[in-house]
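See structure below.
The values are calculated or read from the model by the stated rules, or taken from the named source; none is laboratory data. Keep in mind that what you see is a predicted model, and the values were worked out from it rather than measured. Counting neighbours? That spans all protein chains shown, and the Cβs are built from the backbone with ideal geometry, glycine included. SASA here: full protein model, heavy atoms, side chains in, ligands and nucleic acids out. Shrake-Rupley method; radii C 1.70, N 1.55, O 1.52, S 1.80 Å.
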Amino acid sequence: MQSPSVSQFDYYETHADEYCRSTVFLDMSSVYERFLNELVPGAHILDAGCGSGRDSNAFLQRGYFVTAFDGSPQMAAFASIYTGQKCSVLRFQEIQFHQEFDGVWACASLLHVPKCEMEDVLGRFVTALKPGGIMYVFFIEGEGERISADGRLYNSYTAESLMDLLGEISAVREVACWKSDEIPSSPQRAPWLNFIFKKTTR
């Protein structure tokens, strides 16, 4: 997972093993299908905030080329072992890729980014995509920001507020938007919002 503050980095550093083991076997196959249906076989996917490496591993097993990173060195180390390939240590605010990826996968990793930084972060991912590339994001449905008891910041979006945010970023369009029930092992009980958008070719 990614984090914009020292306290959140510290949380994932000290809870990395617990977090990874509680999430690594979650079944995300139905979401994979919707995302991968938009990509050609063997496409290059950026797993942004890869956590345990669960999703990277699933994509690799399906024959995709994956680049993965996480803001927590401990999480990146776990993911490297789990996937059998190097996972880099990087924050969202530091990425500087340019038209390198067919798809970006950000599954419940952007939810720690302060809203004041979200437009810049999403813009960086749009730049990282090739023309026609797609990005999947996964947020808690709602509005605003809050700090949890363990010190982590959480943001929330509705479909409308997420569309308003994407409207500030040029050359993207919505592909799909749907809701999911709560996730086992997650303390967040609100519905989750899934969103896929495409970088236009112009």
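A few points about this structure:
- Accessible-area composition of the range 22-73, carbon plus sulfur, in percent [1.4 Å probe]: 52 percent
- Share of carbon and sulfur in the accessible heavy-atom surface of the range 100-168 [1.4 Å probe, %]: 51 percent
- Estimated D of the chain in µm² per second, where Rh is the Kirkwood radius over Cα pairs and Stokes-Einstein applies at 20 °C, 1.002 mPa s: 128 µm²/s
- A Förster distance of 35 Å, applied to the separation of the beta-carbon atoms of Gln96 and Ala149, puts the FRET efficiency at 0.50.
- Gain on full stretching of the segment that runs from Asp10 to Val175 - 0.36 nm per residue minus C-alpha separation: 55.9 nm
- Gln61 versus Met163: modelled label distance in nm, points set 7 Å from Cα along the beta carbon direction: 3.6 nm
- Potential extension, Thr201-Ile81 segment - 0.36 nm per residue separation minus Cα distance: 39.5 nm
- Per-residue ellipticity at 222 nm computed for the chain from its helices equals -9500 deg cm²/dmol, with DSSP H segments shorter than 4 residues left out and the rest contributing -39,500 (n - 2.57).
- Calculated on the Cα set of the range 137-176, radius of gyration then Dmax: 12.3, 38 Å.
- Cα shape, the range 47-163, gyration tensor, a/c 1.5 rule: oblate
- Accessible area per residue for the chain, computed on protein heavy atoms with a 1.4 Å probe, is 44 Å².
- The charge dipole of the chain, taken about the Cα centre with unit charges on the Cβ atoms of Lys, Arg (+1) and Asp, Glu (-1), comes to about 500 debye, rounded to the nearest 20.
- A dipole drawn for the chain from +1 and -1 charges on Cβ atoms has a positive end, and of Met118, Gly151, Ala68 the residue lying farthest that way is Ala68.
- Extension gain (nm, one decimal) between Lys130 and Asn37, 0.36 nm per residue minus Cα-Cα: 31.8 nm
- Calculated P(r) tail over 11 Å for the range 84-129, as whole % of Cα pairs: 71 percent
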